[in-house]
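**Q** Would you mind keeping the following structure in view while I ask a few things?
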Amino acid sequence: MFGLVSSVLAEKGRHVYTVGKAATVAEAVREMNEKGVGALLVMDGHKPAGIFTERDVLRRIVDADRDPALIRVAEVMTRQLVTIGPESRIDEAMGIMTERRFRHLPVLDAGEVVGMVSSGDLMRWVTMNQEDSIRQMTEYINGRA
């Protein structure tokens with residue numbers, strides 16, 4: 001339903017904002033703020049090692065009263081990276097995000113990072129497709145199809 005993750009990536013772009021494991025939390029947060037994103041894919045060379053999100057900052061830095069200038073991203077990132085492939089269905093991606101309470105899902109193809117989708121990206125895509133379907137049905141009912 002609603003197509004494939006690859007369609008969302010084709011429309012929004014495949015650029016993924018990343019951070020190295022050795023970066024400080026302060027540096028990563030600054031990058032997130034500059035880019036206007038809620039998550040950075042943490043890279044170990046060319047391989048994804050985890051994801052660093054706003055939730056990581058709140059739970060593991062702010063709530064723990066830790067200094068973001070002294071803590072490395074590798075210490076507080078989410079290590080268990082859940083990914084999806086570009087040929088996965090959008091409703092499957094939404095199901096994973098809902099069940100696991102994620103807002104960001106990296107997209108990997110044969111182990112290579114090819115994009116990242118957010119819950120907002122998917123909701124926008126679904127809404128656009130629903131509007132298009134409603135328009136087509138209305139035209140059909142009104143005899144304009």
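**Q** Tally time: how many residues in the stretch 38-70 are at pLDDT below 95 and at positive phi?
**A** 1
**Q** I would also like to ask the following. How about the stretch 112-131: which of its residues are of a type outside the set (A, V, I, L, M), over 14 Å from Glu92 (Cβ atoms) and at pLDDT 90 or above?
**A** Glu112, Gly115, Ser118, Gly120, Asp121, Arg124
**Q** Additional query: Mind checking which residues of the stretch 34-75 are over 29 Å from Ser6 (Cα atoms) and touching a Pro at 6+ places or on another chain (Cβ under 9 Å)?
**A** Val57, Ile61, Val62, listed by residue number.
**Q** In the list Thr98, Thr83, which residue meets the criterion of being within 17 Å of Val8 (Cβ to Cβ), surrounded by fewer than 11 Cβ atoms within 10 Å (Cβ to Cβ) and either in contact with a Cys (Cβ under 7 Å, 6 or more places away or on another chain) or hydroxyl-bearing (Ser, Thr, Tyr) (or both)?
**A** Sole residue among the options that is within 17 Å of Val8 (Cβ to Cβ), surrounded by fewer than 11 Cβ atoms within 10 Å (Cβ to Cβ) and either in contact with a Cys (Cβ under 7 Å, 6 or more places away or on another chain) or hydroxyl-bearing (Ser, Thr, Tyr) (or both): Thr98.
**Q** Still on this structure, I have one more. Considering only the stretch 91-104, I want to know if a residue exists there that is part of a helix (DSSP H, G or I) and within 30 Å of Ala26 (Cβ to Cβ).
**A** Yes; the residues of the stretch 91-104 include at least one that is part of a helix (DSSP H, G or I) and within 30 Å of Ala26 (Cβ to Cβ).
**Q** Now, a different point. Would you confirm whether or not the stretch 64-72 contains a residue that is closer than 15 Å to Val107 by Cα and in a loop (DSSP other than H, G, I, E, B)?
**A** Checked against the condition, which is being closer than 15 Å to Val107 by Cα and in a loop (DSSP other than H, G, I, E, B), the stretch 64-72 yields no hits at all.
**Q** Going by what's in this entry, would Glu87 be described as among the acidic types (Asp, Glu), under 19 Å from the mean Cα position of the chain (by Cα) and outside any helix (DSSP H, G or I)?
**A** yes
The values are calculated or read from the model by the stated rules, or taken from the named source; none is laboratory data. Everything numeric in this text was worked out from a predicted model, so none of it was measured. Cβ: placed from backbone, ideal geometry, glycine included. Neighbour counts: every protein chain shown.
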